Amino acid sequence: MPKLKTHSGAKKRFKVTGTGKVAGKKAGKSHNLSHKSRSRMRTLDRGLILTPVEAAKIKMLLPNA
């Protein structure tokens, strides 16, 4: 049986917490920032815990995490 490879894009964007949840970043913080309010930007700064359905998909891409 060959080794399982980690998905390079997923390992750059997500991390698995100590309790097994998958954490990521919120979308919309990369460009066109001038018209977004400061409070909206602070909300985007916070991380994001994926739903169990989404987390299961990402965990398949991160077999060794």
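The values are calculated or read from the model by the stated rules, or taken from the named source; none is laboratory data. No experiment lies behind these values; they were computed from the predicted model shown. Glycine gets a Cβ as well: all are built from the backbone with ideal geometry, and neighbour counts include every protein chain shown.
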**OP:** Name the one entry in LYS3, LYS29 that is assigned to a loop (DSSP other than H, G, I, E, B) and either modelled with pLDDT of 95 or more or in contact with a helix residue (DSSP H, G or I) (Cβ under 6 Å, 6 or more places away or on another chain) (or both).
**Re:** LYS29
Subject >> Candidate set from the range 41-65 (those that are free of Cβ contacts under 8 Å to residues at least 24 places away in the same chain and not charged (D, E, K, R)); member that is farthest from GLY18 (Cα to Cα) >> reply: MET41
Subject >> Among residues of the range 11-40, those that are on the phi > 0 side of the Ramachandran plot and either surrounded by 12 or more Cβ atoms within 10 Å (Cβ to Cβ) or touching a residue at least 24 places away in the same chain (Cβ under 8 Å) (or both), counted >> reply: 1
**OP:** Among the candidates LYS59, LYS36, single out the residue that is at pLDDT 95 or above and assigned to a loop (DSSP other than H, G, I, E, B).
**Re:** LYS36
